[in-house]
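Encoded as structure tokens, the structure appears first; notes follow it.
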Amino acid sequence: MVNKIVADASEALAGLESGMSLAVGGFGICGNPTVLIDAIVDRGTDRLDIYSNNPGTQLGDKHLGLAKLFINQRAKKFGGSYIGFNKEFERQFLNGELDVELIPQGTLAEKMRAGGAGIPAFFTATGAGTMVADGGLPVRYDGQGNASIVSAPKETRVMTHRGKEQTYVLEEAITCDFALVRAAKADKEGNLVFNLTAANFNANAAMCGAVTVVEAEEIVEVGELTPDEIHLPGIFVDCILPLTPEQAKDKSIERIIIRDEESGVVEALRPEGREGWTREEMAARAALELSDGEYVNLGIGMPTMVPDYLPEGVNVILQSENGLLKTGPSPLAHEVHPDVINAGKATVTILPGGSTFDSAMSFAMIRGGYVDTAILGALQVSATGDIANWGIPGKKFTGMGGAMDLVKGANRVVVMLDHTAVDGTPKILNECSYPLTAIGAVDRIITNLAVFDVTEEGLKLIELAPGVTLEEVEAATAADFIVCEKLEAAA
């Protein structure tokens, strides 16, 4: 019988040298192989090319997960979808200390899966019409706010899928020298079980590594795992590091959000100088867009409040792109679980009948057109439905996360955003000035002042928020728009 158990982290990482490439599982720090990451820091291995969804997390002065490699200057390149809660990483990027390959989240999962499946490249609609396909994404900055190296254009091809003709982008697969993975259970032959939303990128990363190293919270004997509970067969695994009970329990959570059964509805406060709907009222208005039985994906920020305002009799199934279907409300204090989070890295619950799965499966649902409606935020939206929601050149690049996949894959896209920036700059424009998430993807826009539809006739104002006049909307909107004949203020 094969026994892939190793004695310690040094043996697990034997062969890992400076300058190599790593694929690392985890979503934020959920499912991150933190013990192996700490061991790399201790070894002094540097100049690494790292592929993972996020570059770890920085909570105050505390660096968690992959963030430890960046704070210790161990990486020369990062490929991932979302910078998120890592200010030091963002500082290094904007100061020209690190090369970054920004990759849409679903594309990243599929690039890993394809690499492990022997598929050198594939076509996807995600990123078409944006800098992902056209080139120009910042790879390295010069420290003065200017991109000194940018991404090259990619091959595109117009193809028809399920009767719809559109442009597809050729994406090359990812293969790495090593893959680092965390599993809830492993047997001695390397068969793995992942725990709930900690599955995320772990299975996909494991497949694309030439050497795959697993840290396992629990080791079981061969035969204890039934064939149908194994999430990743041992054929993909090279060695397993057993964790101590203390290491297995040491799991941080980026955003702990809990609910109080006895609390009532908190009165919504309108920020000073803000007209129209509060953010809570915007969420209530957006909830009216959903129909009973729909599969819905909600972006981070304001969209996460939408389920709290669903009309009576309307029940939707929430899909979270980190690998969760039937996302439930925030947990009670005793229900908080580090392996049950949503795409915003916040604690949630799972409703009866819910399921968890890896990231490649999650984005198969999204790109495959199984999500009825996506509601997400934006920095800018154009009159023709273009959306920009992931970066401001030279200032801030959070990364596109799953947004590029969502706006191309969902059957309907609703955007929620403040009508203007804090300084009064309009966010609804004839053309977006920030890097695009997608072209012509938005169907409806909900702001604190009004509701617009993107139509073949042009941008159409269909509803005003209470107390807001047409003249106020005109003054705050840079895009040309037409007014619905039956325009009325919302109740």
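Among the polar types (S, T, N, Q), outside the structural domain of Gly323 (by the TED database), open to solvent by 40 Å² or more (accessible area, probe 1.4 Å) and modelled with pLDDT of 95 or more - does that describe any residue in segment 225-232? Yes, segment 225-232 has at least one match.
The condition (being open to solvent by 30 Å² or more (accessible area, probe 1.4 Å) and either in contact with a Lys or Arg (Cβ under 7 Å, 6 or more places away or on another chain) or more than 25 Å from Asp250 (Cα to Cα) (or both)) is satisfied by just one residue among Val220, Val150: Val150. Applying the criterion of being out of contact with any helix residue (DSSP H, G or I) (no Cβ under 6 Å at 6 or more places or on another chain) and over 30 Å from Phe201 (Cβ atoms) to the residues of segment 301-314, the residue that is most open to solvent (accessible area, probe 1.4 Å) is Glu312. For residues in segment 192-211 being more than 20 Å from Gly115 (Cα to Cα) and polar (S, T, N, Q), which is surrounded by the fewest Cβ atoms within 10 Å (Cβ to Cβ)? The selected residue is Asn195.
The residues of segment 355-403 that are open to solvent by 30 Å² or more (accessible area, probe 1.4 Å) and part of a strand (DSSP E or B), listed by number, are Ser355, Thr356, Ile392, Lys396. Among the residues of segment 164-191, those that are over 17 Å from Ile240 (Cα atoms), open to solvent by 30 Å² or more (accessible area, probe 1.4 Å) and in a strand (DSSP E or B) comprise Lys164, Glu165, Gln166, Thr167, Leu170, Glu172.
Here Asn86 meets each of (1) at pLDDT 95 or above; (2) open to solvent by less than 10 Å² (accessible area, probe 1.4 Å) with one exception, condition (1).
Tell me, which strands (runs of 3 or more DSSP E) lie completely within segment 1-111 with 2 or more residues that are charged (D, E, K, R) and touching a helix residue (DSSP H, G or I) at 6+ places or on another chain (Cβ under 7 Å)? I'd like the intermediate steps shown before the answer.
Values: elements: 21-24, 48-51, 57-59, 62-64, 75-80, 99-102.
Once the strands (runs of 3 or more DSSP E) in segment 1-111 are filtered for at least 2 residues that are charged (D, E, K, R) and touching a helix residue (DSSP H, G or I) at 6+ places or on another chain (Cβ under 7 Å), nothing remains.
Could you tell me whether segment 45-53 includes any residue that is more than 25 Å from Glu101 (Cα to Cα) and assigned by the TED database to the domain that holds Gly84? No, segment 45-53 has no match at all.
Look at segment 442-469: where a residue is in the same structural domain as Ala388 (by the TED database) and a partner is aromatic (Phe, Trp, Tyr) and in a strand (DSSP E or B), sitting 6+ places away or on another chain with Cβ atoms under 6 Å, you get Ile445/Phe452; Leu459/Phe452; Leu461/Phe452. Within segment 23-46, the set of residues being within 24 Å of Glu189 (Cβ to Cβ) and among the hydrophobic types (A, V, I, L, M, F, W, C) comprises Ala23, Val24, Val35, Leu36, Ala39. Among all residues of segment 78-95, there is none that is of a type in the set (Gly, Ala, Ser) and over 18 Å from the mean Cα position of the chain (by Cα). Residue count for segment 288-300, restricted to those that are within 20 Å of Gly323 (Cβ to Cβ) and touching a helix residue (DSSP H, G or I) at 6+ places or on another chain (Cβ under 9 Å): 5. Of everything listed in (1) within 30 Å of Val35 (Cα to Cα); (2) touching a residue at least 60 places away in the same chain (Cβ under 8 Å), the single unmet condition for Gly127 is (1). If the condition is being open to solvent by 30 Å² or more (accessible area, probe 1.4 Å) and at negative phi, then segment 117-137 contributes Ala117, Ile119, Pro120, Ala121, Phe122, Phe123, Met131, Asp134. Quick one: would you say Lys111 is surrounded by 14 or more Cβ atoms within 10 Å (Cβ to Cβ) and within 30 Å of Val213 (Cα to Cα)? Yes. If the condition is being aliphatic (A, V, I, L, M), in contact (Cβ under 8 Å) with a residue 40 or more places away in the chain and under 19 Å from Val100 (Cα atoms), then segment 54-87 contributes Leu66, Ile83.
The values are calculated or read from the model by the stated rules, or taken from the named source; none is laboratory data. This structure is a prediction, so every number in the text was calculated from the model and none was measured. Quick reminder, even Gly has a Cβ in these numbers, built from the backbone with ideal geometry, and neighbours come from all protein chains shown. Note: accessible area is taken over every heavy atom of the protein model, side chains too, but ligands, DNA and RNA are not part of it. Shrake-Rupley method; radii C 1.70, N 1.55, O 1.52, S 1.80 Å.
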